[in-house]
1. If A:Gly349 satisfies all but one of (1) touching a Ser or Thr at 6+ places or on another chain (Cβ under 9 Å); (2) modelled with pLDDT of 90 or more; (3) more than 14 Å from chain B (Cβ to nearest Cβ), what's the number of the condition it fails?
2. Show the residue pairs meeting these rules: Cβ distance below 8 Å; 6+ apart or different chains; first residue within segment C:117-133 and under 16 Å from C:Val47 (Cα atoms); second residue open to solvent by less than 100 Å² (accessible area, probe 1.4 Å) and modelled with pLDDT under 90.
3. From the residues in segment A:25-39 that are buried (at least 18 other Cβ atoms within 10 Å of the Cβ) and at the interface with chain B (Cβ under 8 Å from one of its Cβ atoms), which one is nearest to ligand 4 (Cβ to nearest atom)?
4. Give segment B:298-344 a look and list any residue that's more than 12 Å from chain A (Cβ to nearest Cβ), modelled with pLDDT under 90 and open to solvent by 40 Å² or more (accessible area, probe 1.4 Å), or say none.
5. Just to be sure, is A:Thr73 of a type in the set (Ser, Thr, Tyr), away from chain B (no Cβ under 14 Å) and on the phi < 0 side of the Ramachandran plot?
6. Residues that are within 13 Å of chain B (Cβ to nearest Cβ), free of Cβ contacts under 8 Å to residues at least 40 places away in the same chain, open to solvent by 30 Å² or more (accessible area, probe 1.4 Å) and among the hydroxyl-bearing types (Ser, Thr, Tyr): does segment A:111-122 have at least one?
7. When you scan segment A:297-317, how many residues do you find that are closer than 21 Å to C:Asn12 by Cβ and within 16 Å of ligand 2 (Cβ to nearest atom)?
8. Restricting attention to segment B:293-315, which residues are touching a residue at least 24 places away in the same chain (Cβ under 8 Å), in a helix (DSSP H, G or I) and in contact with a helix residue (DSSP H, G or I) (Cβ under 7 Å, 6 or more places away or on another chain)?
Amino acid sequence: MERKVYADHSATTAVRPEVLEAMLPYFTEEYGNPSSIYAIARSNKQAVETAREQVAMAINAKADEIFFTGCGTESDNWALKGIAESYAGKGDHIITTSVEHHAILHTCQYLEKQGKRITYLPVDEDGVVSVEALKNAVDQDTILVSIIMANNEIGTINPIEEIGAFLHEKKILFHVDAVQAVGSLPIDVQAMHIDLLSLSAHKFYGPKGVGALYIRKGVKLRSFIHGGAQERGRRAGTENVAGIVGLGKAIELATSELEARRAQLIPMRDRLIDEVLRRIPYVRLNGARENRLPGHVNFSFQFIEGESLLILLDMAGIYASSGSACTSGSLDPSHVLLAIGLPHEIAHGSLRLTFGRENTMEDVDYILEKLPPIVERLRAMSPLYEDFIKSQN
Amino acid sequence: MERKVYADHSATTAVRPEVLEAMLPYFTEEYGNPSSIYAIARSNKQAVETAREQVAMAINAKADEIFFTGCGTESDNWALKGIAESYAGKGDHIITTSVEHHAILHTCQYLEKQGKRITYLPVDEDGVVSVEALKNAVDQDTILVSIIMANNEIGTINPIEEIGAFLHEKKILFHVDAVQAVGSLPIDVQAMHIDLLSLSAHKFYGPKGVGALYIRKGVKLRSFIHGGAQERGRRAGTENVAGIVGLGKAIELATSELEARRAQLIPMRDRLIDEVLRRIPYVRLNGARENRLPGHVNFSFQFIEGESLLILLDMAGIYASSGSACTSGSLDPSHVLLAIGLPHEIAHGSLRLTFGRENTMEDVDYILEKLPPIVERLRAMSPLYEDFIKSQN
Amino acid sequence: MYSEKVMDHFMNPRNMGEIEDADGVGTVGNAKCGDIMRIFLKVEDGVIQDVKFKTFGCGAAVATSSMATEMVVGKTVEEALKVTNKAVMEALDGLPPVKVHCSLLAEQAIHAALWDYAQKHNITIEGLKPPVEDIEEIEEEE
Ligand SMILES: Cc1ncc(COP(=O)(O)O)c(C=O)c1O
Ligand SMILES: Cc1ncc(COP(=O)(O)O)c(C=O)c1O
Ligand code: FES
Ligand code: FES
């Protein structure tokens, strides 16, 4: 049998067995509506509150600052649209970066149509946002800065603590999209001066369809989903109890295993980067070499196109992506790769390989065995490569 | 052992075993991101599309008119806020009823703050909206009418088909909150001329935290949750695959068993109503006698208060509610009971018992055994009852 | 996402490569997706004797190039002109909607190669328009 290597953990992860086990009773036995009054619903409510504490613990917040949502995207939408509205009296300016996830970017574009002013900060060639540019961008109308903690496409980590300290002093609210960071990087909303933080369970071996938003006490944030009094009146809708329990268990495990996970993944990432750069010509690493998520690799192979590469890797049992999964319906090259300065045709040939807890060094070896001939085969087909070789002679 | 009777199916239901079984593989095995390109994600995408067809089939829509959401509340928010914005050029008037679920009412109140004009139609003493009042309320600025199909608190069913025919002629969009109706009433968006319809899986033995919105082809509806290209660019966020599969399976089962379920529940409902009215004095049935959800009963017991009643029932192993679970955090009497003309003190003493597939006629008998002495006990405690009895002498 | 035929032509592309002394070479690109296709033709007595392609593009782009080359080989230049992107798509059992333009790339690359052949041999081919740099211009006309 051929090997199967799932190397797309930044897209989504499998629910781990302990998490599923924790969730199961809440589908069929403990199914009461947690907002109900009777005893059988109470254990249910308790389970939700335990999960809230688990999330709070993981990011050094208080339990009553955690609000459960339907996904990371909802958390991002809520934070941005909510602050834009709740602080409209104070100002209309929001600052973000040009390399955010679409959950932030498309929300910002929507807010622009509503008359808000958005500044998209540039990033350097590693994908790191410039703190200098941020300092120059804030003005007296700036109500919110939203920065991705670790980039989903290129893995680069931003200087959140430094930015948080600056914004804290300026009294400007700070939202952080930490969807990719939870379970991979230590997070401390106090030390980092974060006021709002988004996370999503399925990125750290929890279930899909449940996320959370941390809202620092004192931050005004109007509801995004109006209705019943769930989540202390701030997020309506019958609680996804099983999902919330899964999120809680998953974040607890991910946080307690953070160091072990990093120790597992960083050598895999580093070997893959070093060996690919050594064995394959005309390839570049996208994102920072060191300052990146532990299991995260993104390459651009000149002269070849991403989709073809993915299909051939798929045939070889290697599951990867060419950036963000949410945009696979689109033909546009990645806005992140363009933002770090790649030309269009190279941005098209990018490959993201992201490792997780089930991967081993043998998986890396397997990729190193399969990838070079695939790249070669596609280059042999490529008119761009032909032109390039001819121009060399 | 005492009996346990869960009679709060309008609040939420247990996931049925067949549904959970259908969901399980999507947590741990088929966990790929459905937006990904590789083969293992494809079965996942296929599962989502099958669920979409199951939902479409259940309401006589087309699969590409079904969009999955995080809950019924999100569907309601999306429909109303989206139409208000997408049709702002056409008008600013929305009509709804005074007995909607909070997911609609609070959204309407939010829209009022945004400058929209909302008409809340009155209902008769059964809780049925007046078609006459609706006809008088529409004007040239009316862009949307949103009517609950079956009321969650009192079970009353509205004349959706008649309203749909009128609105279709007037070319006014029609949204229906069918969260309580799916699995209990036949639904046909064509015959009923419905343009948008909300539903939520956990009300028909599916999981919590997943819903759907039907959007008739041709209806413009801006995104509510912005981000990735999921759900054909209209609802961002990584798909809750397991939840969606559960919703699909649950709606398929609920629809195929619709008649059997009605045949099971209606006699239980009717016996409970008849016997309680016969055995307990000073009690009224809230909502229509016949024109109501099959397993749905709502009483008001004069001189006693709802919470006390619920606690004593809980002690006796009977799990019920005093209206909508989402408002249990609130002390206000139900807006629905006030709308059907109940005075405050009586609205406070209401009890909702809602049966589902696991209930039997023995459960009804058990309630009939336990309820009268509990009511008597509370009345013995009540100064209102004392006053009343004295006034009778 | 792709039909079995598309996958087959993608995995085992027919006529991939170059013709050293080609009678006509055409290259077209699509700025929207950044993809590029090149067709080489060998023509004798108005009949296409040999055809080869090179493609920088997605799975559909590779498969449509491969299929298109199979469909024009042995045909007269006039017949080759009538091999439309629709015909190529049908031969592949269809393409996903976002991939329709990939088949247009194949059609236009063949036209561009035929144009180049006509130019070099000083002939005119009935109904053949000069090639465009970017096939998006054509898509917008439709
Ligand atoms: C009529 C009605 N609409 C909307 C909802 C909201 O559904 P959910 O709790 O799944 O968000 C409910 C139930 O809570 C309901 O009964
Ligand atoms: C950085 C980032 N933000 C937000 C999201 C959205 O999360 P979800 O898909 O759970 O809505 C993702 C992942 O898709 C992400 O990587
Ligand atoms: S006396 Fe308890 S709610 Fe009023
Ligand atoms: S996506 Fe451009 S050729 Fe296929």
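1. It is condition (2) that A:Gly349 fails.
2. Going by the 8 Å Cβ cut-off, the qualifying pairs are C:Ala118/C:Ile125; C:Ala118/C:Leu128.
3. Ranking the qualifying residues of segment A:25-39, first place goes to A:Phe27.
4. Within segment B:298-344, B:Glu305, B:Pro343, B:His344 meet the criteria.
5. Here the answer is no, as A:Thr73 does not meet what is asked.
6. no
7. 0
8. Once the filter is applied, which keeps residues that are touching a residue at least 24 places away in the same chain (Cβ under 8 Å), in a helix (DSSP H, G or I) and in contact with a helix residue (DSSP H, G or I) (Cβ under 7 Å, 6 or more places away or on another chain), segment B:293-315 yields B:Ser308, B:Leu309, B:Leu312, B:Leu313.
The values are calculated or read from the model by the stated rules, or taken from the named source; none is laboratory data. If you're wondering where the values come from, they're calculated on a predicted model, not measured in any experiment. Because the Cβ atoms are built from the backbone with ideal geometry, glycine has one as well, and the counts that use them run over all protein chains shown. What goes into the accessible areas is simple: the full protein's heavy atoms, side chains included, and nothing from ligands, DNA or RNA. Shrake-Rupley method; radii C 1.70, N 1.55, O 1.52, S 1.80 Å.
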